[in-house]
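Undergrad: Handing you a structure now.
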Amino acid sequence: MVSWLPVCPGYCNSCLPVVSPRCPVPTLNTLKHWLSAARGMIICPATRGALLMPTNPALQLTAEELEKKVASLHFFKEVGRHDPQQLQILIQQSHLYSVAPGETFLKAGEQGSWMYFLMRGKLLVCDPLDHSKVIGVLIPGDVFGEIAVITGHKRTQDIVVPGLIREAVVFATDLACLHAKPEHNPLTLPTQLIVYRQIVHILRWRIELYRSQFPDHPMVRVPFNLIHRSPAGDSEAELQEQRDYALFLADRLQQLNTKLGPINNDVGMS
C-alpha cells in the first residue's frame, strides 16, 4: 500500500528556512510550517496548497546509483552535458519508486511540483471515481506531471499500476525550484533554460498529437509562438519568455483535454 507524507519542496521562498542550513534560526514561516506539519500537512506558498508525494515505495539508492538510472534520459543528459554539478543538484532532488501491481501512485486533487519518468512497467491514467475507466496508458519512456509543475493546478486523474503484471518503476524529480527567486534557486540560468526548453518540447509534442487527430478543429489550428534566443546567449528575458510560453502551452493542453478528450496514449495529465 502506498502511503503519503506531507512534504515541502524546499526551494520555494517561504519554505527555504525550514530545510536549509543557511538559515538555522526559526522564522515565522518556519513556525507556520511546523504547525501545519503537526496538523498533517505542509502548506507551500509556491504551489498554494498541500504538497503530497508517495514515500513507501522509494528505493534507497545513492546519488551515483540514481545518476546511472537516468543516464539514458535526454532530460538529464542535456543538463549533465552542460554542467555535471547542476545534474547532481537535480539528482539530490530525485527519488526512484517501485509501485506494486494494483496500487495507486498519484491521486487526483493533489498538487505537486514533481515530474515523473516511467522507467519500467506500465501505468494507467484513470478516472478518479472509477479506475475501470482508463483514460490513457503510460509506457516506459513516457513523462508525466509536467502540467502540474508549470501551472500549480491540482492533478486531474489517478495514476494506477495495472493488476496482475510486474511492478512499475518511476523516477521522480522535484522541480519546485523553478518557482524560486534567483537568490534562493540552486539551478543556474542556463540549467533553468534547459529544463524549460525540454518541458516546452514535451507540451508542444502533446498538442501535435491533437493536431494530427483533429486537423480541422479551431482549437488546434492556433499557431504556436516562437521563442527567439538572444544572439548574446542565455538571458533572463528568454527565461521569462520560456516560462510564459510553457504556461500558455500547459493551459492549452488542459483545454484540449477537456474539450476533445484524451487521444491515443496521451499522457498529458497534470
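No value in this document is a laboratory result; all are computed from the given coordinates. Nothing here was measured: the structure is a model prediction, and the numbers come from that model. For neighbour counting, all protein chains shown are included, and Cβ atoms are generated from backbone atoms with ideal geometry for every residue, glycine included.
Undergrad: So who's got an amide H within less than 5 Å of the one on Ser235, skipping anything under 5 residues away but keeping other chains? H placed 1.01 Å off N, in plane.
TA: none
Undergrad: Can you return the lysines within cross-link range of Lys122? Criterion is Cα-Cα under 28 Å, with same-chain partners fewer than 8 residues away left out.
TA: List returned: Lys68, Lys69, Lys77, Lys107, Lys133, Lys154, Lys259.
Undergrad: Suppose each label sits 7 Å from its Cα in the direction of the beta carbon; what would the His82-Glu64 distance come out to in nanometres?
TA: Between His82 and Glu64, the label points sit 2.7 nm apart.
Undergrad: First select every other residue whose beta carbon is under 10 angstrom from the beta carbon of Ser94; then total the charges, Lys and Arg +1, Asp and Glu -1.
TA: That works out to -1.
Undergrad: Quick query: amide H of Ile135 versus all other amide H atoms, modeled in the peptide plane; which residues come in under 5 Å with a sequence gap of 5 or more or a different chain?
TA: Val125, Cys126, Asp127
Undergrad: A further question on this structure: Assuming R0 = 30 Å, can you tell me the calculated FRET efficiency for the pair Glu167 and Asp234, based on Cβ-Cβ distance, to the nearest 0.05?
TA: So the FRET efficiency works out to roughly 0.15.
Undergrad: While we're here: Modelled label-to-label distance, Trp205 and Val137, 7 Å Cα→beta-carbon offset: nm?
TA: So the two model labels end up 1.9 nm from each other.
Undergrad: In what sequence, highest mean first, do 124-133, 83-92 appear when ranked by Cβ atoms within 10 angstrom?
TA: Most protected by this proxy first, the peptides run 83-92, 124-133.
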